[in-house]
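Comments concern the structure below.
Readers should treat all values here as calculations from the given coordinates under stated rules, not as data from a laboratory. As the structure is a computational prediction, the values presented were derived from the model and not from experiment. Neighbour counts are summed over all protein chains in view; Cβ atoms, including those assigned to glycine, are modelled from backbone coordinates with ideal geometry.
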Amino acid sequence: MDFIDITNEIEKLVKKSKAKNGFIIVFSKHTTAAIRINEKEKGIYKDFAMLSRKLLPTKQYYHHNDLNIRTENLVCDIGASDCMNGHSHCLHLLMGGTAELIPIIDRKLALGIYQRIFLIELDCPRRRKILLQIYSNEN
Amino acid sequence: MDFIDITNEIEKLVKKSKAKNGFIIVFSKHTTAAIRINEKEKGIYKDFAMLSRKLLPTKQYYHHNDLNIRTENLVCDIGASDCMNGHSHCLHLLMGGTAELIPIIDRKLALGIYQRIFLIELDCPRRRKILLQIYSNEN
Amino acid sequence: MDFIDITNEIEKLVKKSKAKNGFIIVFSKHTTAAIRINEKEKGIYKDFAMLSRKLLPTKQYYHHNDLNIRTENLVCDIGASDCMNGHSHCLHLLMGGTAELIPIIDRKLALGIYQRIFLIELDCPRRRKILLQIYSNEN
């Protein structure tokens, strides 16, 4: 599990867009990587990893990982181990986090003082795509 | 628990709407049925049902199910057993999932390769209503 | 943990806004307070508090609470105990709930019969700020 703070990149794109007031959609195109807003503090990342291991031990039996019974989506884009991520799918289903929506006010993300936007990798490391859409009140 | 893939129906409505670029709001009008994006694979549904039973056994005590102390919302629309869903409410509170928001690009849902939109039934089977709103950049 | 029903206040603001059709964004500016839609019934609040104590006991070790190793965000706005909220951050990360988005139809929130909008306090009681943005189809 990895927490990647993407707030600065998003903030830059908001400024570049010239939207004064509106909102931005931050949309993960993946089923095992979540977008989430929380505090930037390393201890929290460890605490959350601990919780997720408690809820969803990687060593436990997952139907999704059982290639003797599984028939769907067997072509894995990064090798066979790609399929061994039943725990990641379950965590993503529980957490949600396909998208966050953040208001824009005066050309800035209207985040609270401790709020940062993260891509949380719930699977083994891989390339991820995030789709951003900015909506402005002034068309 | 049941996973109902509603992606095709939503995709059809997006095409019909003639919105070229924008987004769609998929909103569940229920407190024990969630909208969620994840992979379409039967094993995952079973793994998630397993997790939810572990977190929230149906046989456990729930204040919501205790008709000796409960005073609110006692009129149940599908009979008395309708009230015995404390575990469903707790799971919905934990998961969220009242709504998903999906970008539309070039008249299509901008979903990732494995992303499908589900209505997840957290309660016993019943009729459900989903509200859709499509927003287009070109007014 | 506390459930604060903010539906009526939001409904009033929607009416005042004169938006006929559109949607409202309800955005929490905090990392330990969630916006969530569910049923207004006291038993559910207790059941959910029970679940959260089971998942994240306050007495357990949290890296976030360990001031011997922690280096980030050590200035606490309401005193030292403010930092002892590792469990609140973990729950917020799991739940999400920074924002809810609710469709507006005919000047009203398009909520289902049992749906109410809550601010859920995951931390000790404190002042909270919620940002609302209303979007209307008729510019």
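Do you know which residues across region C:82-97 are in a loop (DSSP other than H, G, I, E, B), more than 7 Å from chain A (Cβ to nearest Cβ) and crowded, with 23+ Cβ neighbours inside 10 Å?
Within region C:82-97, the subset in a loop (DSSP other than H, G, I, E, B) is C:84-85, C:96-97.
Still in the list and also more than 7 Å from chain A (Cβ to nearest Cβ): C:84-85, C:97.
Listed by number, the residues that qualify are C:85, C:97.
Considering region B:81-94 alone, what residues qualify as being in contact (Cβ under 8 Å) with a residue 40 or more places away in the chain and under 26 Å from residue C:134 (Cβ atoms)?
Within region B:81-94, B:92 is the sole residue that qualifies.
Counting only residues that are closer than 10 Å to residue A:2 by Cβ and among the aliphatic types (A, V, I, L, M), how many does region A:111-136 have?
3
So for region C:114-135 (the condition being more than 8 Å from chain B (Cβ to nearest Cβ), free of Cβ contacts under 8 Å to residues at least 40 places away in the same chain and surrounded by fewer than 22 Cβ atoms within 10 Å (Cβ to Cβ)), does at least one residue qualify?
yes
Only residues that are of a type in the set (A, V, I, L, M) and under 16 Å from residue C:115 (Cα atoms): list them for region B:118-139, please.
Result: B:122, B:130, B:131.
Checking residue A:100 against (1) among the acidic types (Asp, Glu); (2) in contact (Cβ under 8 Å) with a residue 12 or more places away in the chain; (3) part of a loop (DSSP other than H, G, I, E, B): exactly one of these is not met. Which one?
So the condition that residue A:100 fails would be (3).
If the Cβ limit is 6 Å and pairs must be 6+ apart or interchain, which residue in region C:25-45 that is touching a residue at least 24 places away in the same chain (Cβ under 8 Å) pairs with which residue that is among the hydroxyl-bearing types (Ser, Thr, Tyr) and outside any helix (DSSP H, G or I)?
Close Cβ pairs (under 6 Å, with a partner that is among the hydroxyl-bearing types (Ser, Thr, Tyr) and outside any helix (DSSP H, G or I)) amount to C:28/C:98; C:31/A:114; C:35/C:28; C:37/B:98; C:38/B:31; C:39/B:31; C:39/C:114.
Among (1) within 11 Å of another protein chain (Cβ to nearest Cβ); (2) of a type in the set (Lys, Arg); (3) in contact (Cβ under 8 Å) with a residue 24 or more places away in the chain, which single condition is residue C:107 missing?
Single failed check for residue C:107: (1).
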